[in-house]
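The values are calculated or read from the model by the stated rules, or taken from the named source; none is laboratory data. Keep in mind it's a predicted model, so treat the numbers as computed, not measured. With ideal geometry, Cβ positions are generated from the backbone for all residues, glycine too; neighbour counts draw on all protein chains shown.
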Amino acid sequence: MYICRNLYLKNQLEKYMKNFLAQKSSDNMRILIAAMVEKSKSGHPGGSMGGADYMNALYADFLNWDPDDMTWFNRDRFFLDPGHQSPMLYAMLALIGIFSVDDLKNFRQWGSILSGHPEINPKCGIENTSGPLGQGHVMGVGAAIAEKFLRHKFGEWTAHYTYAFISDGGIQEEISQGAGRIAGHLKLGNLIMFYDANNVQLSTKVDEVTDEDTAQKYKSWGWHVQTINGNDYQEITQAIKNAKDEKERPSLIIGHTVMGKGAVGSDGKNMEGLVSTHGQPLSKAGVDVAKTIAGLGGNPDNPFVIFDEVKQAWNRILDEKRRYAQQKKTEQQQWEKENPELAQKYHDFIGGKLPDIDFLNIPQSDDAPTRNASADVLSVLADKVENMIVASADLANSDKTDGFLKKTKNLRPHDFSGRFLQPGVAELTMSALINGILIHGGMYAACGTFFVFSDYQKPAIRMSALQKLPALFIWSHDSYRVGEDGPTHQPIEQYAGLALMEQLKNHDNEPSLLLLRPADGAEVNMAYKMAMENRTTPSAIVLSRQNVKALPSKQGSARAQDVKEAIHGGYIVYEDATTPDIILLGHGSEVRTLYDAVLLLKEKRKINCRIVSMPSLGLFDMQSETYKKHIFPVGVPVFALTAGLPSLFEKYVGDKGKVFGLTHFGYSAPAEVLDEKFGFTVENICEEIEKIMSEL
Ligand SMILES: Cc1ncc(C[n+]2csc(CCOP(=O)(O)OP(=O)(O)O)c2C)c(N)n1
């Protein structure tokens, strides 16, 4: 009886201490958040202050990482969706010793790694770049898919959780529909998402824009849903425990939280729950910052402080994290000893090793759509790249990613042995999932759809580019030659739009996207070689729906050899003499049209032509002046042909040349009729070339 009572008291005391420290630590975060935004004079304090309790509980009691080895592959992942709540994440990372209080003082300033919205930086505990609401948690779903996939291959010892944090904005973004549906369908029990439901968004209260029953919505997608007080440590920890016990379904914890928790006015009036504290320094919202900080237990004159008792508590917690990570690493060593071959594979996957593939000698037909050539390569990739997941937004048999699918099977709820992801008709979701799979690591990932629907993917492509993820976008139906489907399905300006992305450099001065539009089957092989070997930026391959005849090889050579030159972005595929009378420039299937036009032209007159294929404008622009002059010698007229907007090619043709492209949309007919009407026939192109020659 006496022992029982002592045990009870001991438990109560521990519980009290935990509650007390949780409160102290969360308040410490709130102080840092308020101070950070106040000092930088910009940022979003309100939501961050409300979410602090959840973050604190998650990091203290659940999230596993190794404080001495932040990129430890087996760590749990945390994906923040509302990047504007970055002060919350930065304050958390300061408490766990990643950032110093001086770092916090530099929030949002030039040169600071604490940008307004967090940028991918796993070494500092930032798993993804969040900012465009909605994408962050979808990348989390992608990471959870990768975890399940790798767990299936290597075993339970690799198991870890993905925790996502979403706010009202993310819940409202359409992309959450795709992610919620897919996570539920695939039964991602390894995904636990907290919904910071504070009823406040940027310009209104949430109940002014929606009446939805979010719990029911997620339940209908097959999620395990709990609703709690999101500022209560006990309720939070119990909910996460329940979520971890739920192995079958992804979990949503709807936490009702208080916007601007702790905010008071100069008269001591409660100023919590206000829209005005969402996106500006608290002082601008009329909050008395000094009183607020004092009320939270801080010193208004020196708010950038981590309390001693909080520091000590976190030191103890960090030691526990270290111990756990060490234990898992010992388990891994044991497994590696018992499974040397699998262990080698595991390390190859994590190291991003691409198996040996003889890309250039993959057999290709002489007259086939380049999307079929792509299917042939994908079929080889399915055989060789065991850690590659390919997805298609319900178009696998048209975009020809089925070349991959035929060698594997779909990922299914209880079976992650397949390597094809069927996201349904959800291009944006699909692309963000691919990003998430890659962010998790250990994987190759690609996705396909029609080129015109790249419009639906664009926000995620931009995030691939910004995060330097090696995502591969496969687009078929590359031009207006999908005629009968009508103008909605005819890509015209899409190439130009994406080529602008290619012109945009990342911080390493690389084109932020490698955009490839190959001219024939051999160039498709080369495009895949370039894309699969490119591990520092996303790549995209744009493919024809219609048949394209193979280009001739150069004298004494083979096409498979010639295409190696495509590494320069643009290269000579044909020439009559080293000093041409005219240079004909094209990309994709237009290169073959140029070649046929040359054959016709030569029947009529003696002329020396050079044909340049430019599968990547961005890469070509990166070449030396010498190389560029070698391809386009000064004074030689250039005629360019593109099924897209002409503007991109104008810089190559100069004053005397011409770009023949498309500057309109809205016409519907079979491809050959459109070719005729738009002047993309061999005869008309021949005439266009003659016109230039005669005007010289
Ligand atoms: C795609 C996208 N659209 C718009 C914004 C601009 N924006 C930033 S925060 C926000 C409101 C978000 O409200 P909520 O998610 O509830 O965050 P909280 O108020 O709780 O901080 C908006 C519209 C954005 N970051 N991303």
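Points worth noting:
- Cβ-Cβ under 6 Å pairs, at least 6 apart or on other chains, region 87-110 side on the phi < 0 side of the Ramachandran plot and at pLDDT 95 or above, far side outside any helix (DSSP H, G or I) and among the polar types (S, T, N, Q): Asn106/Ser112
- Met36 being in contact with a Ser or Thr (Cβ under 8 Å, 6 or more places away or on another chain), assigned by TED's automatic domain parsing to the domain that holds Trp157 and within 16 Å of the ligand (Cβ to nearest atom): no
- Residue selected from region 59-72 under the condition touching a helix residue (DSSP H, G or I) at 6+ places or on another chain (Cβ under 7 Å) and within 17 Å of Thr237 (Cβ to Cβ), by the criterion nearest to the ligand (Cβ to nearest atom): Tyr59
- Odd one out for Asn242, checked against (1) more than 13 Å from Ala57 (Cβ to Cβ); (2) touching a residue at least 40 places away in the same chain (Cβ under 8 Å): (2)
- Within region 493-539, if we keep just the residues that are hydroxyl-bearing (Ser, Thr, Tyr) and under 25 Å from Ile437 (Cα atoms), the residue that is surrounded by the fewest Cβ atoms within 10 Å (Cβ to Cβ) turns out to be Thr536.
- Members of region 13-30 found to be in contact (Cβ under 8 Å) with a residue 40 or more places away in the chain and of a type in the set (A, V, I, L, M), listed by number: Leu21, Ala22, Met29
- Taken as a whole, the condition of being surrounded by 24 or more Cβ atoms within 10 Å (Cβ to Cβ), away from the ligand (no atom under 16 Å from the Cβ) and of a type in the set (S, T, N, Q) does not apply to Asn19.
- If the condition is being free of Cβ contacts under 8 Å to residues at least 24 places away in the same chain and within 16 Å of the ligand (Cβ to nearest atom), then region 212-228 contributes only Glu212.
- Residues of region 126-169 that turn out to be within 16 Å of the ligand (Cβ to nearest atom) and within 18 Å of Leu252 (Cα to Cα), as a count: 14
- Looking across region 501-550, the residues that are among the hydroxyl-bearing types (Ser, Thr, Tyr) and in contact with a helix residue (DSSP H, G or I) (Cβ under 7 Å, 6 or more places away or on another chain) come down to Ser512, Tyr528, Thr537, Ser539, Ser544.
- Test: Ile3 is away from the ligand (no atom under 16 Å from the Cβ) and either modelled with pLDDT under 95 or out of contact with any Ser or Thr (no Cβ under 9 Å at 6 or more places or on another chain) (or both): yes
- Among the residues of region 111-125, the ones that are within 16 Å of the ligand (Cβ to nearest atom) and free of Cβ contacts under 8 Å to residues at least 60 places away in the same chain come to 3 in all.
- Helices (runs of 4 or more DSSP H) (entirely within region 319-401) containing at least 1 residues that are in contact (Cβ under 8 Å) with a residue 12 or more places away in the chain and assigned by TED's automatic domain parsing to the domain that holds Ile439: 370-384, 396-399
- Test for Gly666: is it in contact (Cβ under 8 Å) with a residue 60 or more places away in the chain and either in contact with a helix residue (DSSP H, G or I) (Cβ under 8 Å, 6 or more places away or on another chain) or loosely packed, with under 15 Cβ neighbours inside 10 Å (or both): yes
- Residue within region 389-400 that is out of contact with any Asp or Glu (no Cβ under 9 Å at 6 or more places or on another chain) and of a type in the set (S, T, N, Q) present: yes
- Tally of residues being out of contact with any Pro (no Cβ under 9 Å at 6 or more places or on another chain), farther than 12 Å from Met49 by Cβ and in a loop (DSSP other than H, G, I, E, B) across region 265-298: 9
- Against the list (1) crowded, with 24+ Cβ neighbours inside 10 Å; (2) touching a Ser or Thr at 6+ places or on another chain (Cβ under 9 Å); (3) not polar (S, T, N, Q), the condition Met92 fails is (2).
- Filter pass, Arg605 being surrounded by 22 or more Cβ atoms within 10 Å (Cβ to Cβ) and within 24 Å of Pro552 (Cα to Cα): no
- When the test is whether a residue is aliphatic (A, V, I, L, M), away from the ligand (no atom under 16 Å from the Cβ) and either in contact (Cβ under 8 Å) with a residue 12 or more places away in the chain or closer than 27 Å to Lys247 by Cα (or both), Ile175 does not pass it.
- The listed residue being outside any helix (DSSP H, G or I) and within 16 Å of the ligand (Cβ to nearest atom), out of Arg108, Arg75: Arg108
Conditions tested, residue by residue: (1) within 30 Å of Glu676 (Cα to Cα); (2) in contact with an Asp or Glu (Cβ under 9 Å, 6 or more places away or on another chain); (3) modelled with pLDDT of 95 or more.
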position	(1), (2), (3)
Gln561	no, no, yes
Ala577	no, no, no
Leu584	yes, no, yes
Glu603	yes, no, no
Gln623	no, no, yes
Lys656	yes, yes, no
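So that you can scan it fast, the table gives a plain yes or no per residue for (1) closer than 26 Å to Glu484 by Cα; (2) of a type in the set (S, T, N, Q); (3) in a helix (DSSP H, G or I):
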| site | (1), (2), (3) |
| --- | --- |
| Arg592 | yes, no, yes |
| Ile611 | no, no, no |
| Thr626 | no, yes, yes |
| Val634 | no, no, no |
| Gly644 | yes, no, no |
| Phe665 | yes, no, no |
| Leu674 | yes, no, yes |
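- Qualifying residue in region 385-405 (condition: touching a helix residue (DSSP H, G or I) at 6+ places or on another chain (Cβ under 9 Å), over 28 Å from Gln177 (Cβ atoms) and aliphatic (A, V, I, L, M)): yes
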